[in-house]
Every structure is written in structure tokens, then in C-alpha cells.
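Single-structure report; data block below.
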Amino acid sequence: MSGASHASPSRTRDRKREALAAGSPIQPIIKDVGEIYSRLLDHRPVIQGEIRYFIKEFEEKRGLRELRVLENLKNTIFETNEHILPKCEQAMSDNLNEVFEKLQAANGMIHKLQEKEHEERKLQADKLMAREEKHIAHWEEFMKEQQNKRAEVDEEHRKAMERLKEQYSDMEKELAKYAHF
């Protein structure tokens, strides 16, 4: 790299002004104005210094803060791995066995209830079938009785009709005897 590339932009402008004003009586005035301008209006060197200082402070403080955060995380992880995790595993193991035993007991009770309910349903179905068969038998017996009664009534009716026929026939014969008179 050349030496000109390291020169600040304000120095480059000053050299250009000097080159333009070289050999003229205004040259000392221009030089003074350039220096006044640089001191009053050109704040780049001061700002660059402040920026460098801010970056340095920020990185140092940030670095320490991040280091503290990482240290806290490391301690928390160590605490968790060494103390909390084994306690949780032990509690889980103890409670898991207890829960498993309770689930097995509950499962056994449910199976017993299901068997009992199944037997009850079967018993009720058997009772219903027996009642239905009894009802059917009763109905058949009732229908036979009705048929027998109907047959008896029909027979009585037939006999009554024959008696009436005989009676009317006898009455007609009797009437026929008296009709000659």
C-alpha cells in the first residue's frame, strides 16, 4: 500500500487547496481557514477515537457478561446432572413402580367387573328366554283351550240345531195333524 492511502481525507483536501493556492498571497489565509475548518467542523478524528473506545469497552464488558452467563449455565447444568437428575430418576422409578402396580390392580378389578357383568347379562338373557318359552307354551295351551272350547261350543250348537230341527219337525207333524180339522 502506498503512503497516500493512509492519509486522512481532510489532509488530502488541504494539499489540494495548497496546490491551488501555491504562489498566491492568499496562501497563508487559506492555510489558516483550512486549519480552522479542520478543528471546528471536521470531527472525524475525534469520532473515530470515540468509536474505537466504545467498541473496546463494549467488547470487554460484553465478553465478561457472556463469560458470566456461560459460567452460570455450566454450573446449572452441573447441578442438574449431579443432583436433580438422579433425584428425578429415583422419584420416577419409585412412582412408576407404584403406578404400575396400581394399574395392574385396577386392570384386575375391571376384568372381574366385566366377567360379573357378562355373567349377569347371560343370566338375564337365560331368564328372558325361559320367560319367553313359558309365555309361548302358555299361549299354545291357551290356543288349544280356545280350540277345544270352540269345538265344544260348535258341537253344542250343532246338537242344539238338531234338537231344534227335530222339535220343529215334530211341531210341524203335530200341526199337520191338526191342520186337517
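The values are calculated or read from the model by the stated rules, or taken from the named source; none is laboratory data. As the structure is a computational prediction, the values presented were derived from the model and not from experiment. All Cβ positions, glycine included, derive from the backbone under ideal geometry; neighbour counts span all protein chains shown. Please note that ligands, DNA and RNA were not included when accessible areas were found on the heavy atoms of the full protein model with its side chains. Shrake-Rupley method; radii C 1.70, N 1.55, O 1.52, S 1.80 Å.
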message: Can I get the semi-axes of segment 97-181's equivalent ellipsoid? Compute them from the C-alpha gyration tensor as square roots of 5 times the eigenvalues, in angstrom, largest first.
response: 80, 6, 4
- request: Quick one: grab the alpha carbon gyration tensor of segment 51-147, order the square roots of its eigenvalues as a ≥ b ≥ c, and give me rounded if a/c is under 1.5, else prolate or oblate depending on whether a/b is larger than b/c.
  value: oblate
message: For a quick check, take a GNM of the chain with Cα springs below 10 Å and name the residue from 104, 114, 146 with the largest mean-square fluctuation.
response: 146
field: Reachable lysines, given that their alpha-carbon falls under 24 Å from the alpha-carbon of residue 144 and they are not under 8 places away in the same chain
entry: 134, 159
task: Just grab the label-to-label distance for residue 176 and residue 142, each label 7 Å out from Cα along the Cβ direction, in nm (one decimal).
output: 5.1 nm
message: Between 0 and 90 degrees, rounded to the nearest ten: what's the tilt of helix 27-40 against the longest Cα principal axis of the chain?
response: 30 degrees
- line: For segment 49-90, using Cα atoms only, the Rg and Dmax in Å read 17.7, 60
message: How large a share of the accessible area of the chain, in percent, is made up of carbon and sulfur atoms when the probe is 1.4 Å and the other protein chains stay in place?
response: 60 percent
query: When the C-alpha atoms of segment 89-140 are aligned to their principal axes, what extent does each axis show, in angstrom, from largest down?
result: 74, 8, 5
- prompt: What nm distance separates the two modelled labels at residue 154 and residue 125, each placed 7 Å from Cα along Cα→Cβ?
  reply: 4.3 nm
- prompt: Per the Debye formula with a single identical scatterer at each Cα and no solvent contribution, what log10 I(q)/I(0) holds for the chain at q = 0.09, 0.12, 0.14, 0.15 Å⁻¹?
  reply: -0.84, -0.98, -1.07, -1.11
Helix-only mean residue ellipticity at 222 nm for the chain, each DSSP H run of n ≥ 4 adding -39500 (n - 2.57), per residue, nearest 500: -32000 deg cm²/dmol
